Amino acid sequence: MKFFVDTAEVKEIEELAAIGLLDGVTTNPSLILKSGRDFKEVVKEICALLPGKPVSAEVTAMDCPTILQQAAKLSKIADNVVIKLPLTMEGLKACKKLTGDGIKTNVTLCFSVSQALLAAKAGATYISPFVGRHDDVSQDGMALIEDIVQMYGNYPDLHTQVLVASVRHPIHVVQAALIGANVCTIPPKIIHQLVKNPLTDLGLEAFTKDWAKTGQVI
Ligand code: E4P
């Protein structure tokens, strides 16, 4: 499973990229607001940090012609910009056009199998089902991932990749990998949580104490 990081914080991306953990980045208008930075500048910096790796930048327009205008501006920032589009008829129309022009797309705010099917038929590179927001309204976000993966698997001519979004816990990442999702976009804090295990810490503590008792050095 590919790891994308879900953030617009350039420093955090830089740190994770240095460990070789990142296959891409997703941003959204709320993450840009949180960063307090200029959208296009941030996208440019992120794209330069991860050359050749997909960096999702989200359009804000609702109608197809304006979505395409915004997509054209965002695509000019770097070759690895992926255009993030809303899961609406206008968004799908724009998706079809961009795909035809060879531009990669990420159709976002997916909450149903039917939406995922339509996005794939419109040629989306990625579909982003939001698991955490689904859980928030007492629906099973991971069951949606399972259903979409199964549905796409029925039709080998659909090439859209399932990008698990709105990840809130390490267990979401584990479940996404067990289901066989193509990509998981993960907030930096959760990537750091994934490495933690109290048994690792306890084991290290014991080895460190025993090593000190040997009086040896390496
Ligand atoms: C990803 O593409 C989305 O922007 C993101 O995962 C949304 O996460 P949230 O529901 O925690 O805001």
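Around the Cα centre of segment 2-214, unit charges on the Cβ atoms of Lys, Arg, Asp and Glu (plus for the first two, minus for the last two) sum to a dipole of about 380 debye. The amide H of ALA8, built 1.01 Å from its N in the peptide plane, has no neighbour under 5 Å, considering only residues 5 or more places off or on other chains. Set Lys and Arg Cβ to +1 and Asp and Glu Cβ to -1, take the dipole of segment 137-217 about its Cα centre, and tell me which of LEU144, ALA212, VAL164 lies farthest positive. The residue sitting farthest along the positive end of the dipole is ALA212. With only Cα atoms counted, segment 2-214 has Rg and Dmax values of 18.8, 72 Å. Amide H contacts of ASN80 (H built 1.01 Å from N, in plane; Pro and chain starts excluded): GLY52 sit under 5 Å, all sequence-distant by 5 or more or on other chains. The figure for GLU146 is an accessible area of roughly 100 square angstrom, using a 1.4 Å probe on the protein chains alone. Nonpolar atom fraction for segment 1-86, defined as the carbon and sulfur part of the 1.4 Å probe accessible area, stands at 55 percent. Residue farthest toward the positive end of the dipole of the chain, with Cβ of Lys/Arg at +1 and Asp/Glu at -1: which of ALA18, THR108, ALA122? Positive-end residue among those listed: ALA122. Charged side chains reduced to their Cβ positions (Lys and Arg at +1, Asp and Glu at -1) give segment 47-128 a dipole of some 120 debye around its Cα centre. Is any helix in the chain, taking whole DSSP H runs, at least 20 angstrom long along its axis by alpha carbon and on average at least -1.0 on the Kyte-Doolittle scale, and which ones? Within the chain the helices that satisfy the rule are 198-214. Overall, the accessible surface of segment 88-188 at a probe of 1.4 angstrom is composed of carbon and sulfur to the extent of 56 percent.
Using a probe of 1.4 Å, the accessible surface attributed to HIS169 totals some 90 Å² when neighbouring protein chains are kept in position. Protein heavy-atom accessible surface, 1.4 Å probe, per residue over the chain: 53 Å². Run the numbers on the chain and let me know its relative contact order in percent, using alpha-carbon pairs under 8 Å that are six or more apart. Relative contact order for the chain comes out at 17 percent.
Placing THR208, THR88 in order of accessible area, with the largest value first and a 1.4 Å probe, yields THR208, THR88. Report the relative contact order of segment 1-122, percent, no decimals, based on alpha-carbon pairs under 8 angstrom and at least 6 residues apart. Taking the mean separation of contacting Cα pairs over the length of segment 1-122, I get 18 percent. Close amide H partners of THR105, meaning residues 5 or more places away or on another chain with modelled amide H under 5 Å apart, are ILE83, THR125, TYR126.
The 1.4 Å probe gives accessible areas that order ILE171, ILE13, ILE179, largest first, as ILE171, ILE179, ILE13.
The values are calculated or read from the model by the stated rules, or taken from the named source; none is laboratory data. These numbers come from a predicted model, not from an experiment. No Cβ is skipped: glycine too gets one built from the backbone with ideal geometry, and neighbour counts run over all protein chains shown. We work out accessible area using only protein heavy atoms, side chains counted, and drop any ligands, DNA or RNA first. Shrake-Rupley method; radii C 1.70, N 1.55, O 1.52, S 1.80 Å.
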